[in-house]
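To start, the structure under review is shown below, and the notes come after it.
We did not get these values from a lab; they are worked out from the coordinates using the rules stated. What you see is a predicted model, and the numbers here were worked out from it, not measured in a lab. Here the Cβ is made from the backbone with ideal geometry for all residues, glycine too, and neighbour counts use every protein chain on show.
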Amino acid sequence: MNSSAGNDLETLLEAIKSSEVVENRVQLLEKLEELSITEKSAVNSLVEALTIFWEDFTCLDISQCTLNKTILHVAAKCLESDVSGCLLQFLVLGTKANIWCRKHLKMTLMSVEDSPDEEHSSFFYQLVLDLLNYSAASYSALARYPVSNNRDLAASLENFISEQFTLMKDLASEVKRIQILGMELLKAVQLAVDAATRLCKVYCNGVNWDIYNAKTEDKNIGDCKETENGVHVIHVTNCTIERLCELGTAAANGGGSLVTLLNMSWKGVVSLLQFGKGALGAKVNITGVIMNLISLASESIRCAAESWSSLIKEKISVAEAKRIFLPVKFYLIHAVRIISQYQTAALSLYKDIALCVVMILTFKISFSMVEHLKSASEVLTEILVPTSLHLLNSLLNSAKVKQENKFQILDWLFSKGSDMSSESESNDSSHTSLDALISISSYSMSQEKMFTLGRVALFINLLTCAPDLEDDIKHGVAKKLGWLLDTLVDEDVYCSILVLQTPTAYGSSQNHEFTYQPVFCAVLHALKTFMIAVSSSPAWNEVESFLIENLFHPHFLCWDIITELWCFILRHAEPDMVNDIIDQFCAVLMLTSRESVLIPESALRKTARLICILVTYGPEFMADRIYSSIFDGSRSQHAVNVQIALLMEGFPLNFLSEKKRSIAKQKLVTQYYDFLESFEEQSPGESDSGVYGAPVFALCAALQSLQVSLSDTDTKTLKFLVAIIHKYKTSSDNAIKDNCRTLLSELLGIISNMKHLYSFDEMEQVILELQNLFISRPALSDSQLFLCKPNLAYFMAGVGHVELADSDDSARSSGSWELYHMLLRERHWALVHLTITAFGYFAAHTSCNQLWRFVPQDAALSYDLESGNEADEERFMSELKAVLEKEMACPVIQATPDQLTMLVKEGQVLKEIVRKNVKHESEAASCDIMDIDEEKQPNKKRKFPDGICRGVELLQSGLKVMVDGLSQWQQNQHDSTEIHEKFLTHFSRLEDAIAHLVSLADRG
């Protein structure tokens, strides 16, 4: 600058200082713009003066705005020259201007609401726009010079960044209320953000971080220029990162118009955190940045879920779901990038990270439960689930995270005592949104159970991605396989696992298609994938132990899972390994041979059941190997037990090689006929094997699986059944009666599978004998006769193939009526199901027209569901229709929502009944205990007087005499049916009363 310009500058500055009129100051400042000021000292003086000239007016006026606007123009022009010596002054001016604009922004917004003045607002927002441009130019000017170790300059720069970003955050938060220059202001904010980010990058690149880290690690070395510069840069970058996070959070709440600013803010954070070679990590609040992103993601989903839950039957479109979930994916992606770089710092947030992942999976499931939210579930599956899993895997699959820390995360996620829902209780919106979604679905489930389903879904995903996991994580996941089974046994969880279907994406990344897969299938697929992935790793030992320990899991669903996994191994393992496993299972089976074959839940039957399933779904050669080991080996008593157990559990004879199959089937039939022929010669109480009548059990089991057939002209079975009934009625030996009763049940099962026998003349005698046994001859002496009723129900289904007359004169017809009356009166839920199914088959095949004769007025399904007291014939027909419809729906692959709703309601009713019964029984038990305590005789039974016991015995004797007399009367008096039925009614009541007295006497 020449001397003339210098004199002009001094003159103008003095004039501006002395002038008290705002308009004159503006004119003089405009003359300053015309001067070419390049000398450092002059620029310094000018900027100091401009800072003083900045008017901090309390009230906003157009002239004041014009003055400050002109000051910014003059200062911005000076930034184009060499300002290396007066950077501090420019920052002070910018800080002062930012504070002033932020204060007046609030005042302007308030005044616009009270009394709109567009002219004043326009001038003010133009001033803010100029300030943003000045700020961007200031960052660019600073970037032209090396990093300074001037502490005052560093402090001023941090203060300037803080104030300037605070103003931009206020603008982003209030952008919807700014009607003038709104879009121009947003563009200017973006330019300023970009300039600030570039400045920090220039500063970071200007520091030798290797030297800085070496100096800071060796505390004995004194300060040097490199360390001072590094400290300066770290402070400035840390301040910028913090303000970028605040600005990004404000932009996230600003709606779709702030997408660019949102993107620029968080990308700036991630890019800056990559500088410094780890030095930034010690100073920057990394956990705060990650937590900010996770909170933004979680809150967005919660708000959407809460909003959608208020919509009734209004389907959420794919476009709407993507609008919500794409920003969430943006937050998660940036969180993944930061966690991948700062795993150690992120480790302290593992609960929040894991909770976010589980929450996303929980919402995926809850959305899929509501019909009009299924599209949202699909979009969430496509957009958020993969990214959320990367969020957790950034910690689990990192070489920088210690193994004990990884196991700590798995323990918190998959431990029985861990209640993840309690971790989210501090956030009421999470509870509100989940509860609202559950309330509009057809499933009754607590929020805690919903979170459990989310954890199960996370575990499934970990199993599925096992090929990409490190060996230590595979080992940790393998240790948690037991948790999966422990979780599945919960009644709400396993019901959901069986019923729920969640979307699974397939196809190209551009064109995703969805299929709804049952969660149970997903569990099986994930476990199989995991087994393949760990088959050659140390984790296989844990998997093998898990499979062996749960071989006889008491819960049906878990047992099915373990059995399927064993089948999977046998199908794909090497033959030598398969043979070894088969031999071990056969050895285990022989160890259980002393168990009772007649108890379905005995160790013998459980092991046999497992082996039969393995043979059915394993390699073809398994059947021959097991048959040779068990059936062609020892003929000892215990070996026969094992053989019967296998046949009763459905050993697949048809899987044997052709020659073995023919011999095996012929052997079953031959042994059966041999037993029938030797029945009269051998007492039913005697047996060479552990089960009397083993050939009968074997044939019955084979017939039920439709693997063996008998001659169409055979009547020996019907005659044998009659002989068994006679033996049962005439024998007084309890062992003989027990054997006859079990044989009777098996023979009923055999006949029910041989429909051609129902057309034989001998069938009439069979029906009459059964009528006499179950109805005309109440057997109080054998309280176990009801065990025959399930097979009796199967037998009665086949009566539909018998020619029955509608006349009362037909003994065959009346016997069938009475047997159905007895079965339909049974109120046990299992017998109700069997009987009504049998009756449905009978009704579909019989030639009878008067089916009402087979249904008693007091049938179990005739009673009302609530009280169980009032019987109605129309109710029976309604319930029969419902049961048969459900029976027809069972084979359907995809149940309708109405069917699922009906089953859920019935399950809730049944659950409540069981709960009340358990409560009643526990109260009764406590009352009994109190009575015993009062008597102070805990080990002594109450003794009834001799007269009572003697009287009960006489009643029993009298009942037997009446039974015999009633039987003779029925045979001799065929024309007194009505009187006979009335007598039977009273007799049945008397029988129940005496039976009750007998039970009381026995307990006494």
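Between Ile532 and Ala399, what length in nm is gained on full extension when 0.36 nm per residue of separation is reduced by their alpha carbon distance?
That pair, Ile532 and Ala399, stretches by 45.6 nm at full extension.
For the pair Glu870 and Ala805, what calculated FRET efficiency results from E = 1/(1 + (r/R0)^6), where r is the Cβ-Cβ distance and R0 = 41 Å, to the nearest 0.05?
Values: r = 33 Å, r/R0 = 0.81.
Taking R0 as 41 Å, the efficiency between Ala805 and Glu870 is 0.80.
Label zone of Trp829 (point 7 Å out along Cα→Cβ, amide N under 17 Å): in segment 548-578 this covers 556-557.
Each residue of segment 270-275 is assigned a 3J(HN,Hα), and the resulting list reads 5, 5, 5, 5, 7, 8 Hz, derived from the Karplus form 6.51 cos²θ - 1.76 cosθ + 1.60 (θ = phi - 60°), x at Gly and Pro.
Nothing charged except the Cβ atoms of Lys and Arg (+1) and of Asp and Glu (-1): what's the magnitude of the dipole of segment 710-877 about its Cα centre? Round to the nearest 20 debye.
Its charge dipole is roughly 620 debye.
Pairs spanning more than 26 Å between alpha-carbon atoms, out of Lys667/Lys755; Lys364/Lys449; Lys329/Lys528; Lys313/Lys364: Lys329/Lys528. Testing the spin-label approximation: label points 7 Å from Cα along Cα→Cβ at Ala214 and Met183. State their distance in nm. The answer from the label model is 5.5 nm.
Of the GluC sites (Glu not before Pro) found in segment 264-357, the ones in coil according to DSSP and having at most 14 other Cβ atoms within 10 Å of their Cβ are Glu314.
What FRET efficiency do you get for Glu320 and Tyr516 if R0 is 22 Å and r is their Cβ-Cβ distance, rounded to the nearest 0.05?
0.60
Over 31 Å apart at the Cα level, from the set Lys267/Lys351; Lys322/Lys474; Lys77/Lys277; Lys169/Lys322; Lys169/Lys201, are Lys322/Lys474; Lys77/Lys277.
The calculated pair-distance distribution of segment 710-877 uses every alpha carbon pair, bins of 10 angstrom beginning at 0, and gives 10, 39, 35, 14, 2, 0 percent. Taking 0.36 nm per residue of separation and subtracting the Cα-Cα distance, full extension of the segment from Lys416 to Lys106 would add 106.3 nm. Note on Glu574 and Glu470: with the Förster distance fixed at 41 Å, the Cβ-Cβ geometry gives a FRET efficiency of about 0.90. In this label model, Ile775 and His372 are separated by 5.5 nm, measuring between points 7 Å along each Cα→Cβ vector. Modelled label positions at Ser545 and Ser957, each set 7 Å beyond Cα in the direction of Cβ, lie 6.7 nm from each other.
Placing a label point 7 Å from the Cα of Ala505 along the Cα-to-Cβ line, the residues of segment 330-366 whose backbone N sits under 18 Å from it are 330-337, 357-366. Close amide H contacts of Tyr863 (hydrogens built in the peptide plane, cut-off under 5 Å, sequence separation of 5 or more or a different chain): Asp872.
Close amide H partners of Thr502, meaning residues 5 or more places away or on another chain with modelled amide H under 5 Å apart, are Gln517, Val519.
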